[in-house]
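Engineer: Right, I'll just put the structure down here and ask away after.
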Amino acid sequence: MKGTVLVSGASIAGPAVAFWLRRHGFSVTVVEKAGGLRGGGYPIDVRGTALEVAGRMGILPLLREAHIETRSLTFVDAEGGEVTSLNPQTVTGGVDGHDVEVRRGDLAEILYGVTRDDVEYVFDDSIATLTEHEHGVEVTFRGGTRREFDLVVGADGLHSRTRELVFGPEHRFHRYLGYCFAGFTMPNEFGLSREGVIWNAPGRGAALYAVKGSDKVHGFLVAARPEPPYEVLRDAGAQRDLIAATFDGDGWEIPAMIGALRDADDLFFDTVSQIHLPRWSQGRVGLVGDAAYAPSFLTGQGTSLALVGAYMLARSVATTGAFDAYERETREFVELNQAQVGVGDAALFPVTAEALARRDNRLRGLTALAPDTGRPAHTALVLPDLSRSRGVSAASTSVPLGSSHGPRKRR
């Protein structure tokens, strides 16, 4: 074995990086604070360079089998009147017949399935402290266990505990994009099948997504707010009250959605935000996926960045013993995709009536046909092979395995 690695987080980026680290000969442990794999069937996209990563993992046939195949995306106005109906790829910048859309939970199950036999998974636990020393990292877990690892990888999402321990409070790196949202499932009483419907009023948006083979729909409620509602992030009751008050008096299917929101046992509430870090690693601790560079759902690229980042990180530490090549070779790709928040999908939820009217006019002018090629940002990184790291020197400013570094304890 090349060394031992602890990965924090068992959603998408965590199992993906665990897969590639094992392929490179590392012994890998994944710790997850939840009691098991997190479900949740809301749709996610895999496109561009990430499809090649999935192909190299051997999971692309499984993803295509789980493909949702959303066939239309209909926009309606505040009264429920149709604005236009389009192929979803026209709006997302995807490539019809090539990109893959799956339930988030299905991808998590697939990644777990191809790693569980040779990766140690520890559920219902999490990192409490990290102490880096000359020969590795001592990790104290929330449950009281202490273990030693050569490297630690934080793949624990937008509100990463690993990032907080290493780099400090989240607010230093959190770029709020002006919205909060709630996601949940509800009964499909709308006659929807393989389609999405998006409702808009100035500063407010709602969406219903129906996937094949389910009697449920995925509901989303998005609200513009000038300041992030940090005060409700840990209070589900307050989250429900905030969303209900924001949409009070709205028509269409909003009352039914608010009722379902009140009863939902799978409510997910958060801010629409990005993470921007000057570095994705420090010493023997590196970050991947949303923990390092959350792009927000407005870009549609969170999952794809997680898969590509996992490949590049594992390759970097396997070939150089450090994270520097990963950062150097991947950052431009990440930043290009984070910038997609300013085009296309960012206009889904205009704040003013004037902006909403302009958005609707643009949508009406789009062709109903899907594009033949996706956005250039989606394929901006040419995936290197597993064995060679082009332009990477053996010397590194990060801490390679076995190098000397003074102790640092993070609580």
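The values are calculated or read from the model by the stated rules, or taken from the named source; none is laboratory data. The structure displayed is predicted, hence computed values, not measured ones. Neighbour counts run over all protein chains shown; Cβ positions are idealised from the backbone, glycine included. To get the accessible areas, we keep the full protein, side chains included, count just its heavy atoms, and leave off ligands, DNA and RNA. Shrake-Rupley method; radii C 1.70, N 1.55, O 1.52, S 1.80 Å.
Engineer: Inside segment 311-340, can you point out the residues that are crowded, with 20+ Cβ neighbours inside 10 Å and among the acidic types (Asp, Glu)?
Structural biologist: Asp324, Glu327
Engineer: Taking the stated definitions as given, is Ser273 in a loop (DSSP other than H, G, I, E, B) and either in contact (Cβ under 8 Å) with a residue 12 or more places away in the chain or open to solvent by 20 Å² or more (accessible area, probe 1.4 Å) (or both)?
Structural biologist: No.
Engineer: If you check Ala310, Ala244, which single one turns out to be farther than 19 Å from Ala16 by Cβ and in contact with a helix residue (DSSP H, G or I) (Cβ under 8 Å, 6 or more places away or on another chain)?
Structural biologist: It is Ala244.
Engineer: Okay, moving on. Can you name every one of the strands (runs of 3 or more DSSP E) wholly within segment 123-240 that holds 1 or more residues which are over 27 Å from Gly35 (Cβ atoms), in contact (Cβ under 8 Å) with a residue 24 or more places away in the chain and open to solvent by 20 Å² or more (accessible area, probe 1.4 Å)?
Structural biologist: 127-133, 174-187, 195-201, 204-210, 216-224
Engineer: Separate question: Run Thr373 past the list (1) under 26 Å from the mean Cα position of the chain (by Cα); (2) β-branched (Val, Ile, Thr); (3) modelled with pLDDT of 90 or more and report the number of the one that doesn't hold.
Structural biologist: Here Thr373 meets the rest and fails (3).
Engineer: Out of segment 241-251, which residues are open to solvent by 70 Å² or more (accessible area, probe 1.4 Å) and either in contact (Cβ under 8 Å) with a residue 12 or more places away in the chain or under 26 Å from Gly191 (Cα atoms) (or both)?
Structural biologist: Asp248, Gly249
Engineer: Regarding Leu73, is this residue out of contact with any Ser or Thr (no Cβ under 6 Å at 6 or more places or on another chain), aliphatic (A, V, I, L, M) and either crowded, with 20+ Cβ neighbours inside 10 Å or part of a loop (DSSP other than H, G, I, E, B) (or both)?
Structural biologist: It is true that Leu73 is out of contact with any Ser or Thr (no Cβ under 6 Å at 6 or more places or on another chain), aliphatic (A, V, I, L, M) and either crowded, with 20+ Cβ neighbours inside 10 Å or part of a loop (DSSP other than H, G, I, E, B) (or both).
Engineer: Follow-up question, since we're still on this one. Of everything in segment 326-357, what is modelled with pLDDT of 90 or more and of a type in the set (D, E, K, R)? Give them in sequence order.
Structural biologist: Residues satisfying the conditions are Glu327, Arg328, Glu329, Arg331, Glu332, Glu335, Glu354.
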